[in-house]
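Only the coordinates and a few stated rules stand behind these numbers; no lab work does. No experiment lies behind these values; they were computed from the predicted model shown. Cβ atoms come from the backbone with ideal geometry, glycine included; neighbour counts cover every protein chain shown.
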Amino acid sequence: MVWINALLQGVLLGGLYALFAAGLSLMFGVMRFVNIAHGDFIVVAAYLMMTSVLIAGVNPFVGIGLVVVIMAAAGYLGQRFLLNRVLGKDILPPILVTFGLSIILQNALLEIFSADSRRVQTGWLETASISLNDVVALGLLPILMFVAALAVLALLQWIFYHTALGRLLRATSDDAEIVPLMGGNNAHIFALATMLASGVVAVAGVLLAMKTNFDPTAGPARLLFAFEAVIIGGLGNIWGTLAGGIVLGVAQTIGAQIDTGYQVLAGHLAFLAVLVLRPRGLFPKTIG
Amino acid sequence: MTQPLLEVRGLTAFYGDFQALFEIGFSVAEDETVAIIGANGAGKSTFLRVLTGLHASVGQDIVFSGSQIAGISADRVHKRGIAMVPEGRRLFPSLSVEENLLIGASGGRDGPWTLDAVYDLFPDLTSKRRNPGTALSGGQQQMVAIGRALMSNPKLLLCDEISLGLAPKIIKDIYAAVPRIHDLGTSIVVVEQDVGQALAVADRIYCFQEGRVSLTGTPETLTRADIAKAYFGIDEEEAA
Ligand SMILES: Nc1ncnc2c1ncn2[C@@H]1O[C@H](COP(=O)(O)OP(=O)(O)OP(=O)(O)O)[C@@H](O)[C@H]1O
Ligand SMILES: [Mg+2]
């Protein structure tokens, strides 16, 4: 029974990991952009949530909307006026620049918020749970977070496959060079992709803030989980990303069940196993 | 003579230090179909890429519809009314046939070319509209590439080697579309290595050779010997 409990907790955790992964995968998919500061953006969103709810006293639901809007706007502007400048045939400049950005963000957060670890309280939600029997009890908050993650992924999927913007993003992912021949402005499209990714990052950051303690250095570990979920699931497939997140989440909770110290290690082992056995991920993109 | 739709003077192009085009003069009148012929590496594709803004055109002299378009980005050139069928078709593999067509209309103008009009021009595509573009035969892919360019209702359509790698019967089908496109008010430039095809379809011919215009004229006035010399840079008699 404890194992079933661990499994279910892992699945719920996987939703959050899938959100971590989705933004990373989206930016890489559309413009081959590897964002090393991805985890730090998630943490920035967590601090934004904390600031708006705890300091400015904003209603949590309004807070989520606020963080999404701020992050999305910053994503658009940052891509359009900074990151687009380092985009090119070479994949290295974006890595270097976002690596620098990661260090800057961590230090800025440290300066503003100190090294104390924080958390956004969720009141009665924190303890509410649904008991299936004596051992298996699922927290209401993790369930809601999982549902939120599913909703965000479904929205992304819908945007990608049922809107003109999604069509343009997929075309850009295929062959960015000729998209201008169809009237698309690459700089604008790249910025829109980052805007979408940043919106997802915002939700991920808010959920992180409600789920665990975080501090200014929490980003790189989140980046690692995001990478692992993307690789496990296979690039360029939103539901594959969800599966990747779930596999990683389950591996971690099972590991933690064996020994709390094994949580992160078990996730890495699952990642390595997939890398060795199915290097293209569990659900590789079928076309292209 | 009225003002041409497109007028290019003294155009040059470089890849790094390598000069690919030298002092190209070129024009297309309203309603005209112009063919560019020339051997591999003559600079035909480069020329089209400069016209569309895909290759840097800063400082060139390219007047389209009465205004200077040199140095303008490719997406804005497209909005002015120039569309291109790129070399090698370049369909988007993760998009269906219909999505490939729709994306061509993104920044375009209104006009006679709609999804229905394209399916009417190329009926073969109708049953394939949900298929991925890359699941089609070469000829059908070329039809999608042409349809995609038409969807923006361009004033000028540039076609880069639309017959390349296709069977003669398919080439005939594809070229049958050219007069119909023309009749709906689009001027056309075709780049073609098949000289016979070029002579058959064009009102006027330019021959490129090593980055220069080596010959221009109408199909009626050009002799085979002229073309062979302009194409290969040698006299046919010498070659024989
Ligand atoms: N990206 C590039 N970098 C460097 N040189 C290039 C590049 N593209 C083309 N060239 C060179 O420019 C010249 C003109 O090439 P271009 O592709 O325009 O010729 P083309 O007439 O279209 O030939 P083809 O009939 O083979 O398509 C060639 O010498 C080619 O090697
Ligand atoms: Mg060419």
Of the residues that sit in region A:71-128 and are over 20 Å from the mean Cα position of the chain (by Cα) and of a type in the set (D, E, K, R), which one is nearest to A:Met210 (Cα to Cα)? A:Glu126
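Condition first: assigned to a helix (DSSP H, G or I), within 7 Å of another protein chain (Cβ to nearest Cβ) and over 17 Å from the mean Cα position of the chain (by Cα). Now tell me which residues in region B:86-115 satisfy that.
Here is the first cut: in region B:86-115, the residues assigned to a helix (DSSP H, G or I) are B:97-104, B:115.
From the residues that got through so far, the ones that are within 7 Å of another protein chain (Cβ to nearest Cβ) too are B:99, B:102-104.
If the condition is that a residue be assigned to a helix (DSSP H, G or I), within 7 Å of another protein chain (Cβ to nearest Cβ) and over 17 Å from the mean Cα position of the chain (by Cα), then B:Glu99, B:Leu102, B:Ile103 are the ones that fit.
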Per-region count, region B:141-183, residues within 16 Å of ligand 1 (Cβ to nearest atom), within 14 Å of chain A (Cβ to nearest Cβ) and among the charged types (D, E, K, R): 1
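When you scan region B:5-20, do you find a residue that is of a type in the set (S, T, N, Q), more than 16 Å from ligand 2 (Cβ to nearest atom) and farther than 30 Å from B:Pro179 by Cβ, even just one?
Yes, there is a match, as at least one residue in region B:5-20 is of a type in the set (S, T, N, Q), more than 16 Å from ligand 2 (Cβ to nearest atom) and farther than 30 Å from B:Pro179 by Cβ.
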Condition met for B:Ala83 (within 13 Å of another protein chain (Cβ to nearest Cβ) and surrounded by 22 or more Cβ atoms within 10 Å (Cβ to Cβ)): yes
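Going residue by residue through region B:89-100, is there one that turns out to be of a type in the set (Phe, Trp, Tyr) and free of Cβ contacts under 8 Å to residues at least 12 places away in the same chain? Explain how you work it out, then say what you get.
Taking region B:89-100 first, the residues of a type in the set (Phe, Trp, Tyr) are B:92.
The next check asks that each one be free of Cβ contacts under 8 Å to residues at least 12 places away in the same chain; those that pass are none.
No, region B:89-100 contains no residue that is of a type in the set (Phe, Trp, Tyr) and free of Cβ contacts under 8 Å to residues at least 12 places away in the same chain.
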Just for strands (runs of 3 or more DSSP E) wholly inside region B:1-80: which have at least 3 residues that are crowded, with 18+ Cβ neighbours inside 10 Å and more than 9 Å from ligand 1 (Cβ to nearest atom)? B:6-15, B:18-28, B:33-38
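Tell me, which helices (runs of 4 or more DSSP H) lie completely within region A:90-178 with 1 or more residues that are away from every other protein chain (no Cβ under 14 Å), farther than 23 Å from A:Val67 by Cα and touching a residue at least 24 places away in the same chain (Cβ under 8 Å)? Show your work before the answer.
Working: elements: A:92-113, A:140-162, A:164-175.
Helices (runs of 4 or more DSSP H) meeting the threshold: A:92-113.
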Condition set within 16 Å of B:Asn153 (Cα to Cα) and acidic (Asp, Glu), scope region B:58-112, selection farthest from ligand 2 (Cβ to nearest atom): answer is B:Asp110
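Mind checking which residues of region A:180-203 are at the interface with chain B (Cβ under 10 Å from one of its Cβ atoms) and crowded, with 24+ Cβ neighbours inside 10 Å?
Filtering region A:180-203 down to residues at the interface with chain B (Cβ under 10 Å from one of its Cβ atoms) leaves A:180-189.
Correct list: A:Leu181, A:Met182.
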Residue list for region B:182-200, filter: more than 12 Å from the chain's Cα centre (by Cα) and aliphatic (A, V, I, L, M): B:Leu184, B:Val195, B:Leu199, B:Ala200
Hey, B:Asn131 hits all of (1) within 16 Å of ligand 2 (Cβ to nearest atom); (2) touching a Ser or Thr at 6+ places or on another chain (Cβ under 8 Å) but one; which does it fall short on? (1)
Some residue of region B:117-134 being within 14 Å of chain A (Cβ to nearest Cβ), surrounded by fewer than 19 Cβ atoms within 10 Å (Cβ to Cβ) and either assigned to a helix (DSSP H, G or I) or among the aliphatic types (A, V, I, L, M) (or both): yes
Residues being touching a residue at least 24 places away in the same chain (Cβ under 8 Å) and within 18 Å of B:Leu164 (Cβ to Cβ): count how many of those fall in region B:181-206. 14
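For every residue, the table says whether it meets (1) assigned to a helix (DSSP H, G or I); (2) not hydrophobic (A, V, I, L, M, F, W, C).
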{"site": "A:Ala21", "(1), (2)": "yes, no"}
{"site": "A:Leu26", "(1), (2)": "yes, no"}
{"site": "A:Ile36", "(1), (2)": "no, no"}
{"site": "A:Gly39", "(1), (2)": "yes, yes"}
{"site": "A:Ile42", "(1), (2)": "yes, no"}
{"site": "A:Ala46", "(1), (2)": "yes, no"}
{"site": "A:Met49", "(1), (2)": "yes, no"}
{"site": "A:Ile64", "(1), (2)": "yes, no"}
{"site": "A:Val68", "(1), (2)": "yes, no"}
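What do you reckon, is A:Phe283 surrounded by fewer than 24 Cβ atoms within 10 Å (Cβ to Cβ) and closer than 17 Å to A:Leu16 by Cα? Outline the logic, then answer.
Numbers: surrounded by fewer than 24 Cβ atoms within 10 Å (Cβ to Cβ): yes; closer than 17 Å to A:Leu16 by Cα: no.
The answer is no for A:Phe283.
The rows are residues; the columns are (1) assigned to a helix (DSSP H, G or I); (2) under 21 Å from A:Gln9 (Cα atoms); (3) touching a Leu at 6+ places or on another chain (Cβ under 8 Å).
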position	(1), (2), (3)
A:Ala229	yes, yes, yes
A:Trp239	yes, yes, yes
A:Gly261	yes, yes, no
A:Leu265	yes, yes, no
A:Pro284	no, no, yes
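Can you name the strands (runs of 3 or more DSSP E) wholly within region B:139-240 that have at least 3 residues being buried (at least 21 other Cβ atoms within 10 Å of the Cβ)?
Working: elements: B:156-160, B:187-191, B:204-209, B:212-217.
Hits in region B:139-240: B:156-160, B:187-191, B:204-209.
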Just to be sure before I move on: is A:Thr194 under 26 Å from A:Ala73 (Cα atoms) and not aliphatic (A, V, I, L, M) in the structure I sent? yes
